[in-house]
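Peer 1: Starting off with a structure, shown below.
Each value in this text was obtained by applying a stated rule to the coordinates, not by laboratory testing. Note that the coordinates shown come from a computational prediction; the quantities given were computed from them, not determined experimentally. Note that we place each Cβ from the backbone using ideal geometry, even for glycine, and neighbour counts take in every protein chain shown.
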Amino acid sequence: METASRIRWFRRRAPASRSSAAAVYRFDPADFSPAIRTRLLILQPTPFCNIDCDYCYLPERDSTACMSLATVRCAAERLRADELVGPELTVVWHAGEPLTMPPAFFDDAVAVLREVLGPWCDVTHSIQTNATLIDDEWCELFKRHGIRIGVSVDGPAGLHDAHRRTRTGRGTHERVLRGMARLRAHGIEFHAIAVVTPASFAQADAFYDFFIEQGVSELGCNYDEAEGGYEHSSLAGQEPAHAAFVARLLERSSAGGSPLRVRELALALHLIAQPIPTYRWQGQDWPENAQTLPFALITVAHNGDFSSFSPELLGQPSAEFGNFILGNVATEGYFDSARSERFERLWCAIVRGTRECERSCAHYGFCGGGAPVNKLYENGDLASGETLYCRTMFKRPFDAVLKRLERDHTAFEAVSSGALREPFEQECQ
């Protein structure tokens, strides 16, 4: 069909042999073309969270430890020292609840990052928050620094309060509504990220309408992933219901005049209209994926420990990979850490997992190898292929959009003409 003819498909390579499955892949930044640049720097100012969501995977959310400005400076200086600074960098403040830190910390941290990185790149900031602490002082800070805000809210009160509760077990929905009201009062646009469950699937229209009523223009639909200490996702065995949910969101969001974009559907449209960029490594073209490309995404904990690849990996218990801590910004650079046996084991496992996706998955050319953290926790192996996460967050939305576009060439022409903006990348809960 005309639609399919415009899509770039990657040819599957032959199945890996036993020797290639055990191959050692040496990491050398000089082997990558274009050169590796960090696009996303995730800074975890504190692991502490003021609420107690039952699907949270973070292992230390009771700790009130805080990131120092010296750590912020080191994290930025290491980027410069390793020439990882490109023309643009997004700094995401996440993990625990960032707004449990004082506003003055962010004033100072933004100034430090501007001093260290400002002359070399355009730095933008984003905060993912549960919104329960937002007041006028926070709103003034957001406007002062142009900080993009994402609110974690699961929809109507019944859906939200079933999982996002205070530490004494009470619902948080009313407080989140007040926080979003303050954002609107200050004219601050914000996106939302919801964790969907089978209860959400049964209320697709009420779910969608809630975000329109709250003035949200962009919505990401995460789900309760099996990660860390959270061992069982409610989506297991519920995938047909999720497919119906996705179909309904597509129907609603593609209706004329709808003000709400759904991230997963928008991403599918974007990839069909503008195929994923590639990089060159080992004489081959690889689709870009920040979770499988070393140091394209860097996560730094409050104490300066850092990791790469999936941000959820940092600090998760692992004897084999040293809790996925590659180093500490106070004592070594990012590329220095890549000389360790720990990094080599991690990198080799992720490459083997990427090759497995390439070998076995028709969607590989659009996602570039999936999410290592989900491969580990769902399949028990970073070197594995398809996961529930793949099917939920990428395959079903992508296939639903592609099917729709194959029926409606007018819609495809609108996408191809550039009418679609790139969706926000964050998947933080």
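Peer 1: Could you tell me the distance between the Cα centroids of the stretch 275-324 and the stretch 234-260, to the nearest Å?
Peer 2: Cα centres, the stretch 275-324 to the stretch 234-260: 30 Å.
Peer 1: In a shell of Cβ-Cβ distance under 10 Å around Leu117, excluding Leu117 itself, what net charge do Lys and Arg (+1) and Asp and Glu (-1) give? It would help to have the intermediate numbers written out before the result.
Peer 2: On the way: positive: Arg80, Arg114; negative: Glu77, Glu115, Asp122.
Neighbour charge sum, excluding Leu117 itself: -1.
Peer 1: Sticking with this structure for a sec: Starting from the Cα gyration tensor of the chain, take the square roots of the eigenvalues, sort them a ≥ b ≥ c, and report rounded, prolate or oblate (rounded when a/c is under 1.5, otherwise prolate if a/b is larger than b/c, else oblate). Please report the intermediate quantities before stating the final value.
Peer 2: Values: a/c = 1.42, a/b = 1.04, b/c = 1.37.
The shape class here is rounded.
Peer 1: Under 21 Å from the Cα of Lys403, which lysines turn up, not counting those fewer than eight places away in the same chain?
Peer 2: Of all the lysines, those that pass the test against Lys403 - Cα under 21 Å, at least 8 places apart if same chain - are Lys395.
Peer 1: First select every other residue whose beta carbon is under 11 angstrom from the beta carbon of Trp286; then total the charges, Lys and Arg +1, Asp and Glu -1. Show your work: numbers first, answer last.
Peer 2: Numbers: positive: Arg280, Arg355; negative: Asp285, Glu288, Glu358.
Net local charge, Trp286 excluded: -1.
Peer 1: So in the stretch 2-419, what percent of DSSP beta bridges are antiparallel if you round to the nearest 5? Present the calculation step by step, with values, prior to reporting the outcome.
Peer 2: On the way: 13 of 43 bridges.
Expressed as a percentage, antiparallel bridges in the stretch 2-419 total about 30.
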